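Below: the structure, in structure tokens.
The values are calculated or read from the model by the stated rules, or taken from the named source; none is laboratory data. Note that the structure is predicted; figures quoted are calculated from it, not measured. Virtual Cβ from ideal backbone geometry, glycine too; neighbours counted across all protein chains shown. Ligands, DNA and RNA are excluded from the accessible area calculation, which covers all protein heavy atoms including side chains. Shrake-Rupley method; radii C 1.70, N 1.55, O 1.52, S 1.80 Å.
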Amino acid sequence: MRVILLGPPGSGKGTQGGLVEHAYGFPLISTGNLLRDAVKARTELGLKAESLMNRGELVNDEIVLELVRERIFREDCRRGYILNGFPRNLAQADSLEAMNGGRPEVAIEIDIDTDKLMQRLVRRRMCSKCELIFNLEERKPSRDGICDACGSTLFQRDDDKPEVILERLRVYREKTEPLVAYYQGKNVYHRVDGSLAADAVFEAVRKIIDGEMSKIEGARSQG
């Protein structure tokens, strides 16, 4: 099973991905983490990505796709895996299908309206050391401005400022609409309300995944 999590910045994809990983044992794969790990490990792909980033350029699809390819064919992905933030466009979706097209999949969009998302993101704070995420409304730190896990200083990311958020949302909507249509066409697309509490969102996500897995098992037993 391949679980594809779609959703705008701040929708809770990372949280839900972690919950799905814990419940099903599927590894959670984030292209951001793959890039950071490759750069840190000084791999060939990591060095290429680092060179682009140092020049202020975006890491191209070729590098991202190769990192994803390497990761999804590891042993721990045999039963299934979760993709957070990938694919981001139709070209990436087509490439994913080409590299691992025989695997059953489900695409779940965690959707949330703009006003709620703005409220959530402008209150978001990140630890400067361990990168743990807090929210001044929903998940407050025990001490103002201090990380509960490691005691380091919390800060607001530049991309969590209102004017940047609106642009990120515009880009997301523009690129995701074709993806939604793509997965709807494959009859694997589902939408959940991301404005609910995290546990309620996960219940909806889990119901979808369980339903899809039951269909797969049913098809296998009939075959």
Checklist outcome for this item: Probe 1.4 Å, heavy atoms of protein chains only: per residue, the accessible area of segment 66-163 in Å² is 54 Å²
Checklist entry - Excluding same-chain residues fewer than 8 positions from Lys161, which aspartates and glutamates have a Cα within less than 15 Å of its Cα? => result Asp115
Checklist entry - Where both partners of a DSSP beta bridge lie in segment 96-223, what percent of those bridges are antiparallel, to the nearest 5? => result 60 percent
Next on the checklist: Per q in 0.23, 0.25, 0.26, 0.27 Å⁻¹, report the Debye log10 I(q)/I(0) for segment 102-171, using one uniform scatterer on each alpha carbon and no solvent.
Outcome noted: -0.97, -1.05, -1.10, -1.14
Checklist entry - At a 1.4 Å probe, what is the % contribution of carbon and sulfur to the accessible area of the chain? => result 49 percent
Checklist outcome for this item: Given backbone amide H placed at 1.01 Å from N, residues whose amide H is under 5 Å from that of Arg125, ignoring those fewer than 5 places away on the same chain, are Phe134, Asn135, Leu136
Checklist entry - Dipole magnitude of segment 1-140 about its Cα centre, charges +1 at Lys/Arg Cβ and -1 at Asp/Glu Cβ only, in debye to the nearest 20? => result 580 debye
Next on the checklist: Would you work out the Kirkwood radius for segment 143-182? I mean one over the mean of 1/r across all pairs of different Cα atoms, in Å.
Outcome noted: 12.7 Å
Checklist entry - Using Cα-only point scatterers and the Debye equation, what is log10 of I(q)/I(0) for segment 135-213 at each q in 0.12, 0.26 Å⁻¹, rounded to two decimals? => result -0.62, -1.15
Checklist entry - Extent of segment 1-86 along each principal axis, from alpha carbon coordinates, in Å, largest to smallest? => result 39, 31, 19
Item to check | Dipole-positive endmost among Val205, Gln92, His190 within the chain (Cβ charges, Cα centre) | outcome: Val205
